[in-house]
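Each remark here refers to the structure printed beneath this line.
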Amino acid sequence: MSFPLLTVTAALPAVGAVLTAAVPAGRRTAAKWLALLFSLATLVLAAVVFIRFEPGGDRYQLTESHAWIPDFGVRYELGVDGIAVALIALTALLIPFIILAGWHDADPLETKSSRWRPTQGFFALILMVEAMVVISFEATDVFLFYIFFEAMLIPMYFLIGGFGDRAHAGTDGAAATQRSYAAVKFLLYNLAGGLIMLAAVVGLYVVAGSFSLSEIVEARASGELEMATNTERLLFLGFFFAFAVKAPLWPLHTWLPNAMGEATAPVAVLITAVVDKVGTFAMLRFCLQLFPEASKWATPAIIVLALISIIYGALLAVGQRDIKRLIAYASISHFGFIVLGIFAMTSQGQSGATLYMVNHGISTAALMLVAGFLITRRGSRLIADYGGVQKVAPVLAGTFLVGSLATLSLPGLAPFVSEFLVLVGAFAAYPVAGIVATLGIVLAALYTLVLYQRTMTGPVKAEVRTMPDLKARELVVVAPLIALLLLLGVFPKPLTDVVNPAVQHTMNDVRKTDPTPEIEAEAAK
Amino acid sequence: MENLIALLVAAPLLGAAALLCGGRRLDRVGHWIGTALAAASFVLGLVLFGAMLGYDVEARTMRQHLYTWVPVEGFQGDIAFQLDQLSMTFVLLITGVGTLIHLYSVGYMEHDERRRRFFGYLNLFLAAMLLLVVADNYLLLYFGWEGVGLASYLLIGFWQHKPSAATAAKKAFIVNRVGDIGLSIAIMLMFTTFGTFAFGPVLGATGDATEGKMTAIGLMLLLAACGKSAQVPLQSWLGDAMEGPTPVSALIHAATMVTAGVYLITRSGAIFNAAPDAQTAVVVVGAVTLLFGAIVGCAKDDIKKALAGSTMSQIGYMILAAGLGPIGYAFAIMHLVTHGFFKAGLFLGAGSVMHGMNDEVDMRKYGGLRKYMPVTFVTFGLGYLAIIGFPGLSGFFSKDKIIEAAFASGGTQGWILGTVTLLGAGITAYYMTRVMILTFFGEKRWQPAPDPDKAASVEPGIEVTPGAMPHPHESPKSMTIPMIVLAFGSVFAGGFFSIGDRFVNWLEPVTQFEHPHPPISVPVITGMTVVVLLAGVAIAYLQYGRGPVPVVAPRGSLLTRAARRDLLQDDFNHVVLVRGGEHLTRSLVYVDHTLVDGVVNGTAASVGGLSGRLRKLQNGYARSYAVSMFGGTAILIAATLLMRAV
Amino acid sequence: MNPVNYLYLAALLFTIGAAGVLIRRNAIVVFMCVELMLNACNLAFVAFSRMHGNLDGQIIAFFTMVVAAAEVVVGLAIIVSLFRSRHSASVDDASLMKL
């Protein structure tokens, strides 16, 4: 039996979480370093997975399979395709930065007793989320996936509700109220989605008699497993609803601005750059593969929802007064692009959507973490409280600008490649959708540059005058992310090589081919 | 030799990276590093030019393929370069003028504490602009296209502490983004039509596609060109862009970046040739902008904004020429090059004047400067003669050809375009003479320096004592030398290009060329141009040259007042787009909070209410629970019995 | 004797017990009524055992007795401690479980 690489990759952060949580109260720094160490070790393992994965090989690689609950045919089945490999790499990459960026976010306040151990809990919870996200990307058994898809909510709930942004406009009491509102809203939305999905999971088992993704897909492809049209559609909707809440897609998005606004910046990154990716990833893996016909049936409606998300999210971002909520609405717009790419069902759209997941993770992390550093310095999330920061903290302003430019998809930075691919893919299949989505790029310029202008330029505000520039720890967080944005912006080949074959498999599953160019089509006649 | 093309882009890019990431250590030498790398790029350009001249006319295109940028099934975006005669012309213009302006900036930005960063941005601009013109496909062109947009954004907003500069920078970027939509959609259309967006396959197959498709692509490219080249209706950003330091206005917003739209249209000539409707649209845009810019230029008292209006108008000429098809492409590019010389020279002259006048930009507060700044006066004067098309100077040759081509476009269209271009030449002569008289002739109308705290428009770094009278003086050598070199170009380039149709023959393999045959003979057109020109000069002289000029601008006619406000373009934008957008976003924020979120919160509240009511049944008395249990059991038993019975 | 008569008796005893539980307020009386209901069930079980001719009913009856004995222990303990704290054995006084 070969070395269970995938299990270990997922289990390592979980072990780290337990150990971090067990660190005694007085040894806060040790807990931080322990968490960082484990996240880095996970990164190394993820890199090994990335390298060991052969793009031209089998669809699912590094597979593991063990019986788990034989009575119901539930198996512990893991395996990764190119898309999962890319997203595992993204997750493992971002967690060390999240931990490093949140280094002081959970230091106990003076007033609390010495037995209180928030720091240990904070970092343990982050590692726990990482473990669950990684295993969700790896699971090829629907039931196994479902369990971790839902279990993720528990640590996330505590991270949002327990460790709020200290830079809150109101009093402590108001902050706590808002925070618990955000955490409960997050939980209820995602639980509702998850419960509907549970019904669909059970339904799938009743219809297919198995939870194994590959078995069901094979049986469907060979015609052994017939699904009535209506059954397939209902099951599809059950799955899609949960993923659309997680992604989040309009109109199921309102939990995200609350959650991202109230959580600390690193946790906000964890939500939007890591956890939400499970939603879009699952659309690609489960919705399209298990229910190809229903997916095609629902495409027009989903594309409309995606377009609304793109434009609506961008417009709302323009109207925000709170930096973090602005970034949250920008993310909603970007998730619209990802869903658009997935359901355009062209090679360019789907490759673009997968790249988009990775690139959006990196660019949002860069922007949000710098915004977090800024907010910690001034103690306010309101855009109006800033002004002229570039004069006093040029490096901070510069990195913030690069993050903003990445968010508006400037060529040369990673998100451009993915956004353009999504647009081209959508345009090839649905020209009108492509054109409408293109309007999003103007709005993106508007909300990012307005944010930059109001916070960083202009006369220096009195409260900002003494603001220190980025410290070494913060530079260590931001510099690699920016370097990565630049690198993937001009040389995305390592990612596309891994992603392309997986996308071709998915295209086969939904039995779609790319529209041929007009000239070639005519020549063929 | 081909492999040098990448170096052309890499040199300034290296400079940008070094200067922007290098930190304070490079503060003392940064500007020289930047200038040296720009010069290196220019030398490389000359070497490549020499090599190109050595090849046969048919085989002059050089290609270099670096690697595949975006490799996705069915979609190949390459990092690959193509250097043909058209690109070569641009490379030499960009690096040549670019190097001169780097040199000029060394003196101009001497007192600015962020000079290193300024040179980093300038180098970034050069790299992006070179990428734009040597790209061999539209996606890479788009890369450069947005790259110059970014550099322009950074440089317009270089003095970020001035809110006006930051706003102008943002406006420029966003208006350009609207144009970029055009380029994006054009690339998508090419992809769905041809399956590729590389120049060779697309431009070679334009005949196979339907005219409708070609028209659509053409119109989208025109939209892109309008954004970048500040053509109506996306021209509003250029005037505000004058908030940037003057060398930036000279390099980016006069000589090079704003002409990218002309490059795009000329490069895509094959597409426009296959789409007559799109060509008509191009011509209309060019003609409208040429008058629009000229009228705006007449009314502005800010010397840089007057020149910006002029730039807009001159690019209108180029766009118009490019819209005429093969009879116009070469002339468009020729005017572009000569314009690059004289307009850069004029801007540098304006910068020199401002440098000597405490950064005053209002021409009404100049006057009589010819004695104090002789070099600036002479070089500016030569640029002035060139731009109005004084016979024998550069502008005469290039503009005259465009007027000829306009007349030659045939039929009613020919007459209309010919008249518009002639009229434009007259207005050009008028507003440039006005600038000249107000600045260098007449009496001194100098004013004490404004209080820097009150006037936001003062450029920083230059120490200005509030209340001090300006002491105009000639600028240092590093500033005057570039001005002199550009003045040479303004005087001789046109004539040099025209000897034996040299320039046209040079470009012919890329752009094709048909000789224009205007309905009236060429000497008559030339004569008419000269007459119109003299009339413009005369009117300006009568108005400003004979008597004292008021320091405070008179109210002026309705047209003047509208022109001062950029013909109300900004007011329109403000009312329709900004206000409308604000209302839209505000109402959407409200909707999101009350409706979308409200539905969810409402559901939660009603569930809470229902449970509140159900809670009342739990009164805590064990006996009443027992009763309900008993009742429940009784009902169950009864139901079971009934079912049995049935 | 006809075993059905025992069932009638059991039903009668059960009804008396149930009525007592629902109507009386004294915890001790309620408790005794519960015992009465349990014993009515026991009687029925034994009668069934006789009617069907097997021992199942008798076995269940033993189970019930054990459970009832255990219940007496716990129940009386609760009542005694309730009486100690409140000086009352009325079930209506113990209504703190509601919100």
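Nothing in this text is a laboratory measurement; each read-out follows from the coordinates by a stated rule. The structure presented is a predicted model; accordingly, all values stated were derived computationally and were not measured. Cβ atoms come from the backbone with ideal geometry, glycine included; neighbour counts cover every protein chain shown.
The figures follow:
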quantity: Trypsin sites (Lys or Arg not before Pro) restricted to DSSP loop in the stretch B:1-104 with at most 15 other C-beta within 10 Å; calculated: B:Arg28
quantity: Separation of alpha-carbon centers, the stretch B:157-183 and the stretch A:174-214, rounded to whole Å; calculated: 44 Å
quantity: The stretch A:391-448-the stretch A:129-153 distance, computed between alpha-carbon centres (Å); calculated: 30 Å
quantity: Net +/- balance of residues flanking B:Leu122 in space, Cβ distance below 13 Å, scoring K and R +1, D and E -1; calculated: +3
quantity: Directionally averaged projected area (convex hull, Cα atoms, chain B), nm²; calculated: 44.6 nm²
quantity: Simple Cβ-charge dipole of the stretch A:5-524, Lys/Arg +1 and Asp/Glu -1, about Cα centre, in debye nearest 20; calculated: 2120 debye
quantity: Stokes-Einstein D (µm²/s) once Rh is taken as the Kirkwood radius of the stretch A:5-524 over alpha-carbon pairs, at 4 °C in 1.567 mPa s; calculated: 56 µm²/s
quantity: Intensity falloff of the stretch B:85-209 expressed as log10 I(q)/I(0), Debye formula with alpha-carbon point scatterers, at q = 0.12, 0.15, 0.17 Å⁻¹; calculated: -0.57, -0.81, -0.95
quantity: Net +/- balance of residues flanking B:Pro554 in space, Cβ distance below 12 Å, scoring K and R +1, D and E -1; calculated: +3
quantity: Euclidean distance between Cα centres, the stretch B:5-51 to the stretch B:606-622, Å; calculated: 77 Å
quantity: Cβ-derived FRET efficiency at R0 22 Å, A:Arg511 paired with A:Glu218, nearest 0.05; calculated: 0.90
quantity: Coil-residue GluC sites (Glu not before Pro) of the stretch A:29-134, DSSP, other Cβ within 10 Å capped at 10; calculated: A:Glu110
quantity: Number of partner chain Cβ atoms within 10 Å, mean per residue of B:156-167; calculated: 4
quantity: Hydrodynamic radius by Kirkwood, which averages 1/r over all alpha carbon pairs of the stretch B:374-434, in angstrom; calculated: 12.3 Å
quantity: Among C:Ile79, C:His52, C:Val4 - extreme Cα towards positive end, dipole of the stretch C:4-86, charges at beta-carbon; calculated: C:Ile79
quantity: Relative packing of B:521-530, B:485-494, which averages over residues the other C-beta atoms within 10 Å, highest first; calculated: B:485-494, B:521-530
quantity: Relative packing of peptides B:40-49, B:76-85, B:98-107 - highest average C-beta neighbours within 10 Å first; calculated: B:98-107, B:76-85, B:40-49
quantity: DSSP loop GluC sites (Glu not before Pro) with at most 16 other Cβ within 10 Å excluded, longest remaining stretch of chain B; calculated: B:114-442
quantity: Distance in nm between pseudo-label sites at B:Leu542 and B:Val575 (7 Å out along the Cβ direction from Cα); calculated: 3.5 nm
quantity: 10 Å Cβ neighbours from other chains, averaged over peptide B:188-197; calculated: 6
quantity: Mean shadow area of the stretch B:459-564 over all directions, Cα convex hull, nm²; calculated: 13.8 nm²
quantity: Mean Cα-pair separation over length for chain B, i.e. relative contact order, pairs under 8 Å, 6 or more apart, %; calculated: 13 percent
quantity: Shielding score for A:243-251, defined as the mean number of other chain Cβ atoms within 10 Å; calculated: 1
quantity: For the stretch C:4-86, radius of gyration divided by Kirkwood radius, i.e. Rg to Rh on alpha-carbons; calculated: 1.08
quantity: Residues B:Ser409, A:Ser309, B:Ser498, sorted so that the one with the fewest Cβ neighbours within 10 Å comes first; calculated: B:Ser498, B:Ser409, A:Ser309
quantity: Of C:Phe48, C:Phe14, C:Phe63, the one that fluctuates the most in a GNM where chain C has Cα springs shorter than 10 Å; calculated: C:Phe63
quantity: Farthest toward positive dipole pole in chain B [+1 Lys/Arg, -1 Asp/Glu at C-beta], among B:Ser105, B:Thr68, B:Phe572; calculated: B:Phe572
quantity: Net charge over other residues, Cβ less than 13 angstrom from the Cβ of B:Phe90 (K, R count +1; D, E count -1); calculated: 0
quantity: Per residue Cα convex hull volume in Å³ - calculated over the protein assembly as shown; calculated: 232 Å³
